Amino acid sequence: MLAITLVVFALFAAFILREKAGDERDVIHRMLSGRVAYLVGSAFLTLGIVVQASSNEVDVWLVVVLVAMIISKLIARMYVDKQM
């Protein structure tokens, strides 16, 4: 099961990395879908942290993943702003 999960993730990552935008509308759609995915992911992680905090057993992985998402978003944003 773990191997299947890794293969599916690798295929998905390859698809995302090879995706090319055709015109301005495609760029806007990719940007908007990325924002929505980021917000949904961070909202679910935050909800998981809140739910687990109510039972006094916060899983460290939830916090680590949320912090990693935030830091990677900031680094990517600074890199893109520097390039322009």
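The values are calculated or read from the model by the stated rules, or taken from the named source; none is laboratory data. Being a predicted model, the structure only gives us computed values, none of them experimental. Here the Cβ positions follow ideal geometry from the backbone for every residue, glycine too, while neighbour counts run over all protein chains shown. Ligands, DNA and RNA are excluded from the accessible area calculation, which covers all protein heavy atoms including side chains. Shrake-Rupley method; radii C 1.70, N 1.55, O 1.52, S 1.80 Å.
One table, with the values for the structure above:
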{"item": "Any hit, segment 72-79, residues being touching a Leu at 6+ places or on another chain (Cβ under 6 Å) and free of Cβ contacts under 8 Å to residues at least 60 places away in the same chain", "result": "no"}
{"item": "Test: residue in segment 36-44 that is over 18 Å from residue 76 (Cβ atoms) and not in a helix (DSSP H, G or I)", "result": "no"}
{"item": "Residue list for segment 23-35, filter: surrounded by fewer than 10 Cβ atoms within 10 Å (Cβ to Cβ) and in a helix (DSSP H, G or I)", "result": "24, 25"}
{"item": "Selected residue (criterion: farthest from residue 16 (Cα to Cα)) from residues of segment 51-72 that are among the β-branched types (Val, Ile, Thr) and surrounded by fewer than 11 Cβ atoms within 10 Å (Cβ to Cβ)", "result": "60"}
{"item": "Meets criteria (touching a Ser or Thr at 6+ places or on another chain (Cβ under 8 Å) and in a helix (DSSP H, G or I)) for residue 69", "result": "yes"}
{"item": "Segment 41-50, subset of a type in the set (Val, Ile, Thr) and open to solvent by less than 70 Å² (accessible area, probe 1.4 Å), residue nearest to residue 19 (Cα to Cα)", "result": "46"}
